[in-house]
Amino acid sequence: MGRKNMAKEGKKVRIDGVKNRVTVILDPKFYNSESVNLSVNDFKDCCLTKLKSENDKITVVLSPKSKEIDINTLGYEFYNYVLNKMRSNESRF
Amino acid sequence: MTKKSGGSSIDNIEINEEGNYLLVSINPKIYGLDIVYYATYVLMDRAYAILGGDPEREILVELRPKDNTDLETLGMEFNNELLNYAVYMKQSAKNQKLREAILQRVLMTNLAPAEGKEPKGPIEDPEGITTPWEEKTWQKKEKKLE
């Protein structure tokens, strides 16, 4: 059931090359909202950001400020960044 | 095109060669969410990871290699990491009391004796070490004046 759902939900990272932006959809059951907020804040330096939080999903829109940033990997980098943030928050006393 | 790897009856890896990613399905009754996080952290420098599914029924991990790593190898390595951390967590839980006892012993070594265990009454001081310096000098001066 879960596997089909993940496929049905479609891509968790949607790349819009025309508008030069990436939409990342995160599941709050797996990704801590505080870590997502902190990550968005960190990405503000290199991207224009937009954060929308609902009950069952967190949507982040990232639009790179520089052309040097690869839009194809930006969303996945963000996913990894959030996981890293969660790890560092976990080990903080 | 999506295909299943290998011919094992407990296969949990689904490979999508066109999209260059793989999907690992995990039973949360066998590997808890904590173990999944740890295993994902290990592979994060080599692959992009996305967690999804249902934490109660089936956890799904999507892995996209950053370089030209073989998808099936990556999936197998992820499975190994899951097992690695499952064993670690189990051993850690087993040794928890022992670790706590050792840590408590270490911290207790430098603590002052607990209340009630302190010696009662005056302490024997034949050489007058506990007497303050000022008192000693005043006593000497007073004796001289007498």
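The values are calculated or read from the model by the stated rules, or taken from the named source; none is laboratory data. Nothing here was measured: the structure is a model prediction, and the numbers come from that model. Reconstructed Cβ throughout: ideal geometry from the backbone, glycine too, with neighbour counts over all protein chains shown. Each accessible area value is taken on the protein alone, full model and side chains, heavy atoms only, with ligands, DNA and RNA left out. Shrake-Rupley method; radii C 1.70, N 1.55, O 1.52, S 1.80 Å.
Quick notes on this one:
- Lone unmet requirement of (1) in a strand (DSSP E or B); (2) surrounded by 16 or more Cβ atoms within 10 Å (Cβ to Cβ); (3) of a type outside the set (D, E) for A:K50: (2)
- Some residue of the stretch B:46-55 being aromatic (F, W, Y) and either under 22 Å from the mean Cα position of the chain (by Cα) or farther than 20 Å from A:V13 by Cβ (or both): no
- Across the stretch B:19-48, the qualifying residues are those that are more than 20 Å from B:T69 (Cα to Cα) and either assigned to a loop (DSSP other than H, G, I, E, B) or facing chain A (nearest Cβ under 7 Å) (or both), and the one among them that is most open to solvent (accessible area, probe 1.4 Å) is B:K29.
- All positions within the stretch B:87-111 that are under 29 Å from B:G32 (Cα atoms) and among the hydrophobic types (A, V, I, L, M, F, W, C): B:V87, B:M89, B:A93, B:L98, B:A101, B:I102, B:L103
- The lone exception for B:E58 - which of (1) of a type in the set (D, E); (2) within 10 Å of chain A (Cβ to nearest Cβ); (3) surrounded by fewer than 18 Cβ atoms within 10 Å (Cβ to Cβ) it fails: (3)
- Exactly one residue out of B:L51, B:L74 is open to solvent by less than 20 Å² (accessible area, probe 1.4 Å), within 17 Å of B:N12 (Cα to Cα) and more than 14 Å from every other protein chain (Cβ to nearest Cβ), and it is B:L74.
- Given (1) away from chain B (no Cβ under 14 Å); (2) surrounded by 11 or more Cβ atoms within 10 Å (Cβ to Cβ); (3) closer than 17 Å to A:K19 by Cβ; (4) out of contact with any Ser or Thr (no Cβ under 8 Å at 6 or more places or on another chain), index of the condition A:K44 fails: (3)
- Count - residues of the stretch A:18-41 that are free of Cβ contacts under 8 Å to residues at least 24 places away in the same chain, open to solvent by less than 50 Å² (accessible area, probe 1.4 Å) and outside any loop (DSSP other than H, G, I, E, B): 1
- Residues satisfying the stated conditions in the stretch A:55-88, i.e. away from chain B (no Cβ under 12 Å) and open to solvent by less than 80 Å² (accessible area, probe 1.4 Å): A:I58, A:T59, A:V60, A:V61, A:L62, A:S63, A:P64, A:S66, A:I69, A:I71
- Restricting the stretch B:64-92 to residues that are assigned to a helix (DSSP H, G or I) and within 13 Å of B:Y48 (Cα to Cα), the residue that is farthest from the chain's Cα centre (by Cα): B:L71
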